[in-house]
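Single-structure report; data block below.
Here, each number is a calculation from the coordinates, and none is a lab measurement. Only a predicted model underlies this, so the values are computations on that prediction, with no experimental measurement involved. So basically every Cβ, Gly included, is an ideal-geometry build from the backbone, and we count neighbours across all protein chains shown.
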Amino acid sequence: MSQESQGFIVQEIARHQSRLRALLRCLLVRSSDVDDVLQEINSVLWEKASDFECGTDFWAWASQIARFKALNQIRKYSSERLVFDEAILAQLADLACEKLNRMDDRREALEDCLKLLPPAQRQLIDLRYASGQAIDAIADSIGRPVGSIRQTLYRIRLMLLACIKSKLALEAEAS
């Protein structure tokens, strides 16, 4: 495997960690198993990196491996009373993947909508949510009343919500 391919695989594994973890949380009974199974999945992804075809959907490939690893873990539970059959687990996995895809669509729409904000509004959003500053601190640093900052953030959130809904509706119509 080339150096470039290795770099791509490492980047994609890192980029999809939160999605893989979310999928495992939906499928595994014990939350304590999530990290162990995620480590196994990462090992398999790295070991089978040469099997991945560049240009194809990395998430689809990684989530299939995650499903198989989760099913193997669940089979270990078989001596316990409450175990879902594999058909139900497959349905849960499909639902989880669908939900994660919708979350990604919403995140992309949010990023697009944030780019449309005027600089002053974008600064407020960044101060509040990216930096995690309290509204009082923002008001002090900008020199505006706390109530004004609250109201402005409220209006910006409403605009972002409308923008996201609009973008998602357009995407739904296009597909």
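In a shell of Cβ-Cβ distance under 12 Å around Arg25, excluding Arg25 itself, what net charge do Lys and Arg (+1) and Asp and Glu (-1) give?
It works out to a net charge of +2.
How large is the convex hull of the C-alpha atoms of the chain per residue, in Å³?
Spelled out: Cα convex hull of the chain, divided by residues, is 180 Å³.
Modelling each spin label as a point 7 Å along the Cα-to-Cβ direction, I'd like the Ser43/Leu116 distance in nm, to one decimal.
A separation of 4.7 nm, rounded to one decimal place.
Between Ser148 and Thr56, with labels modelled 7 Å along Cα→Cβ, what's the label distance in nm to one decimal, could you check?
For Ser148 paired with Thr56, the spin-label model returns 5.7 nm.
Helix 17-27 against the longest principal axis of the chain: what's the angle in degrees, Cα atoms only, rounded to the nearest 10?
Tilt of helix 17-27: around 60 degrees.
Quick check: the angle from helix 3-15's long axis to the longest principal axis of the chain, C-alpha only, nearest 10 degrees?
Computed tilt is about 70 degrees.
What does the extension gain come out to for Arg21 and Met159, with contour length at 0.36 nm per residue minus their alpha carbon separation?
Once the chain is fully extended between Arg21 and Met159, it gains 46.6 nm.
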